[in-house]
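Here is the structure we will look at, set down as structure tokens.
The values are calculated or read from the model by the stated rules, or taken from the named source; none is laboratory data. What you are looking at is a predicted structure, and each value in this text was computed from that prediction instead of being measured. Cβ: placed from backbone, ideal geometry, glycine included. Neighbour counts: every protein chain shown. Ligands, DNA and RNA are excluded from the accessible area calculation, which covers all protein heavy atoms including side chains. Shrake-Rupley method; radii C 1.70, N 1.55, O 1.52, S 1.80 Å.
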Amino acid sequence: MQDVLLLQTGGVPVRLAALVSGNVQGTLLASQQALAAMRDGYRNLEYTPPPYVSHPLIAKNDMLANEKQIVRAFIRATYKAHLFFGQKPEETLNVIQKVLRIDDRKTARETYEDEMRRYNPGGGFEPNNMRKVIDRAREARKMERKVEIPEVFDLSLPVDVEAELKKAGWKP
């Protein structure tokens, strides 16, 4: 806290407003807002994101136990969308333009290319990265007890879904 003060300011629109107003000197932004900020003269501080920076799928144990078909269908749809995103760039640009309401194809392409920097082609999560996430959480919470990977991560459904799609020969 000597060189940098971290502030919790809110979601992306609030963080962008804080940056533009001069209330903060830097912030994390989503692709679309980061690209707009760079066009306005702000600089992007390049870094290689760790492979576990992502938007995880989280569910309660009750749902996993009692709603397996819904969870499986959700994972299947998410995995198919993930593969589509990585393998069908032009079609993905159409979706980006529609969902994010971007009229300019160039801006949509910049958004896509920025997202692809963090794209994990297989969508998997390696055990060594799981361990890093767990250990960082333990450290932040000052936990003494060792937490095993299966206590936090259950990848059995995604593994099954991936095998099912490969067996069926599914392609985006």
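Miscellaneous remarks
- Count of the range 113-135 residues which are farther than 30 Å from K146 by Cβ and open to solvent by 50 Å² or more (accessible area, probe 1.4 Å): 5
- Among the conditions (1) touching an Asp or Glu at 6+ places or on another chain (Cβ under 6 Å); (2) at pLDDT 90 or above; (3) not aliphatic (A, V, I, L, M), S31 misses just one, which is (2).
- Scanning the range 138-163 for residues that are free of Cβ contacts under 8 Å to residues at least 12 places away in the same chain and farther than 24 Å from G122 by Cα yields R138, E139, A140, R141, K142, M143, E144, R145, K146.
- Scanning the range 24-40 for residues that are of a type in the set (S, T, N, Q), assigned to a loop (DSSP other than H, G, I, E, B) and surrounded by 12 or more Cβ atoms within 10 Å (Cβ to Cβ) returns a single hit, T27.
- Test: E110 is among the charged types (D, E, K, R), open to solvent by less than 80 Å² (accessible area, probe 1.4 Å), within 18 Å of the chain's Cα centre (by Cα) and at pLDDT 90 or above: yes
- Matching residues, the range 97-106, being open to solvent by 20 Å² or more (accessible area, probe 1.4 Å) and β-branched (V, I, T): V99
- Annotation: R118 fulfils all but one of (1) within 24 Å of S31 (Cα to Cα); (2) of a type outside the set (G, A, S); (3) in a helix (DSSP H, G or I); the unmet one is (3).
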